[in-house]
1. Can you work out which of the residues in the range 161-197 that are assigned to a strand (DSSP E or B) and not small (Gly, Ala, Ser) is farthest from residue 431 (Cα to Cα)?
2. For the subset of the range 26-80 comprising residues that are surrounded by 14 or more Cβ atoms within 10 Å (Cβ to Cβ) and of a type in the set (Ser, Thr, Tyr), which member is nearest to residue 385 (Cα to Cα)?
3. Does the range 218-260 hold any residues that are on the phi > 0 side of the Ramachandran plot and either assigned to a helix (DSSP H, G or I) or in contact with a Pro (Cβ under 7 Å, 6 or more places away or on another chain) (or both), and which are they?
4. Can you tell me which residue in the range 1-25 is surrounded by the most Cβ atoms within 10 Å (Cβ to Cβ), limited to those that are β-branched (Val, Ile, Thr) and in a helix (DSSP H, G or I)?
5. Among what's in the range 118-164 and is of a type in the set (Val, Ile, Thr) and at pLDDT 80 or above, pick the residue that is surrounded by the fewest Cβ atoms within 10 Å (Cβ to Cβ).
6. What single numbered condition from (1) of a type outside the set (A, V, I, L, M, F, W, C); (2) under 15 Å from the mean Cα position of the chain (by Cα); (3) closer than 20 Å to residue 166 by Cα fails to hold for residue 264?
Amino acid sequence: MNPEEWLEHLSLVATPTLGVSYAIAGLFAILLLTRPRKRRGPWARHVVVAVVLGAAIGGTAIWVVGDLLNEFDVPPTWVDRVWVGALVAGVCLGVVNLVFAPVGRKVVAVFAIAGFVLAGGLAINRDVGEFVTLGQAAGVDLDGPLVLPTPASSAFVEHDSDIYADWKPPALMPRHGRVGSVSIPATTSHFVARRALVYLPPAALVASAPALPVVILMSGQPGSPSSVMAAGRIPRTLDALAKKNHGLAPIVVVPDQLGSAGANPMCVDGALGNSARYLTVDVPAWIRAHLHVVQGREAWAAGGFSQGATCALQFATGDPALFGSFLDVSGQRYPTLSSDRTAIEEGFAGSSAAFDRAKPAAVMQRHGPYADTVGFFAAGENDATYRRNMTVMSTLAARSKITVTRYLSPDSGHDWTTASNAFARGLAGLYPRLGLSTMGRTP
């Protein structure tokens, strides 16, 4: 691995990485707190005022953005609050040194400010779990274009409820699956999407591979397909499940339902983009044309984390002929933006009625009761807001005759730790239904 590749794969959440950044920031803080040589005047007073003022500014800023404006759709954790306060306090300490210290200390202060920002950013990122590697954070595509081992078959393959019994794995089957990026054209929707990622399990990488079921997963917002694969740990989870089941796992497609990290078209069709049509028409059409997959709703599932989970619930309940199962991990009760009024004006052309019709509760009332749909609901144990969402939406789903499973991720919040734990539990639970294990079809 050359230096460039090493940097791209450098872990941003590993303890050694964070430990080094914290140590550097701590040394800078000690240095900037000490009185410079030959410095006269109220140095201690400047330092105390800067640190206290910085902490207050940081705490107020995250309260306004996270609580008052609700930009993250979930209250910031205390880890985030403390680190934002500490980060701004460190920056203010650096500014004091830039203003009042000698030239040599000013140079140190510049590097110190960068060190404080790095340490704080890494700490907050670890709490959220958004970026796993430096390459992912920089937007570098670490997964090359998807290469299929054999020409894909677009022939209609009926759902096999016992793929496991009918499949004989070859001796030279790979031990691990493959992840690659693809461009899924928005032929019908004209939605401007980023490149998608696809996971092919070991059984899909051999000659005469079996047709496999499909799971479409979506990231939260902000996020990207790489968030699901890297932070959601999909390859590792499915490689482990495949190892126990003759190399069998669903083919996972992670399309872009956002358009950009900061966008949120709410998985509906409208002025913000025809996201719903892209996910339910263009993406399935590409999958059927390019991947060797099983047809039929029993073999197709939708899932996601946070905003992506809301989309999965919308699609599975609104189009039960396409999806027979779904994974709702820390989803909202309905699609919205920073406020319902903003969502109505920007995404529903000012129509409150259209906004209400798009809510999964209303969708389930129109389409239910469901004859054979399975729903997996999950949230973090420490995430009070989304635990309530899970209880409310899973109860409504059960009333609509959806077979419901609930899961609480131990000691985690609204973060990718919850998502990776829940994806692992939810996907394992789908194995019998998808015909990938010998345990029968009851999830």
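The values are calculated or read from the model by the stated rules, or taken from the named source; none is laboratory data. Every value quoted in this text rests on a predicted model; they were computed, and no experiment measured them. All Cβ positions, even for glycine, are placed from backbone atoms using ideal geometry, and neighbour counts span all protein chains on display.
1. Residues of the range 161-197 that are assigned to a strand (DSSP E or B), as a first pass: 178-182, 196-197.
Narrowing further to those that are not small (Gly, Ala, Ser): 178-179, 182, 197.
Numbers: 178: 19, 179: 20, 182: 25, 197: 21 Å.
The qualifying residue farthest from residue 431 (Cα to Cα) is 182.
2. Residue satisfying both the conditions and the ranking: 77.
3. Residues satisfying the conditions are 246, 247, 259.
4. To start, the set of residues in the range 1-25 that are β-branched (Val, Ile, Thr) comprises 13, 15, 17, 20, 24.
In the following step, the residues that additionally are in a helix (DSSP H, G or I) were identified as 15, 17, 20, 24.
Details: 15: 9, 17: 15, 20: 14, 24: 17.
Looking at the filtered set, the residue picked out is 24.
5. Start the filter on the range 118-164 by keeping residues that are of a type in the set (Val, Ile, Thr), which leaves 124, 128, 132-133, 140, 147, 150, 157, 163.
Pick out the ones that are also at pLDDT 80 or above and you get 124, 163.
Values: 124: 20, 163: 22.
Among them, the one singled out is 124.
6. (3)
Let's see how each residue does on (1) modelled with pLDDT under 95; (2) more than 27 Å from residue 332 (Cβ to Cβ); (3) touching a Leu at 6+ places or on another chain (Cβ under 6 Å); (4) not assigned by TED's automatic domain parsing to the domain that holds residue 267:
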site: 166; (1), (2), (3), (4): yes, yes, no, no
site: 169; (1), (2), (3), (4): yes, yes, no, no
site: 173; (1), (2), (3), (4): yes, yes, no, no
site: 178; (1), (2), (3), (4): yes, yes, yes, no
site: 185; (1), (2), (3), (4): no, yes, no, no
site: 200; (1), (2), (3), (4): no, yes, no, no
site: 211; (1), (2), (3), (4): yes, yes, no, no
site: 220; (1), (2), (3), (4): yes, no, no, no
site: 246; (1), (2), (3), (4): yes, yes, no, no
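Let's see how each residue does on (1) of a type in the set (A, V, I, L, M); (2) surrounded by fewer than 23 Cβ atoms within 10 Å (Cβ to Cβ); (3) in contact (Cβ under 8 Å) with a residue 60 or more places away in the chain; (4) outside the structural domain of residue 343 (by TED's automatic domain parsing):
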residue: 273; (1), (2), (3), (4): no, no, yes, no
residue: 288; (1), (2), (3), (4): no, yes, yes, no
residue: 291; (1), (2), (3), (4): yes, yes, yes, no
residue: 299; (1), (2), (3), (4): yes, no, yes, no
residue: 310; (1), (2), (3), (4): no, no, no, no
